[in-house]
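See below for the structure under consideration.
Derivation of every value follows stated rules applied to the coordinates shown; laboratory data play no part. From a predicted model like this one, the values you see are computed outputs, not experimental measurements. Ideal geometry is used to build each Cβ from the backbone, glycine not excepted, and the neighbour counts take in all protein chains shown.
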Amino acid sequence: MSTIKCESCGADLSEGAKFCSKCGTPVGVKEVFTVRSEDLVSKIKELLHEGDVSRIIVKDENNKTLLEIPVWAGIVGTILAPWAAALGAIAALATKCTITVIRQKS
């Protein structure tokens, strides 16, 4: 039987875990996108509409984390509004951003 390890801290994960019990990192499939700052908000909205996303992490060109968005099922526009405002401010400051998307495992 193979053991699944947390990508962040290396702890053993129990079968079917959605989060690491040691560090809290979401368990899932990671994808990384690089976008121009002017495309940041539209890319985030596109990802949110896909439905299987559990966390979005936005980093600047120096790999500094600018924003982490936990995504819950049933998120609505009024809840998303503060995140969109923050994304607009980030887009004004950064030239390129990296978006790390953690998707739920099926």
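Figures for the structure shown
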{"item": "Estimated FRET transfer efficiency (ASP52, LYS96; beta-carbon r; R0 25 Å; 0.05)", "result": "0.45"}
{"item": "Extension gain (nm, one decimal) between ALA84 and VAL29, 0.36 nm per residue minus Cα-Cα", "result": "17.4 nm"}
{"item": "Residues ALA11 and GLU38, FRET efficiency given R0 of 35 Å [Cβ-Cβ distance, rounded to 0.05]", "result": "0.35"}
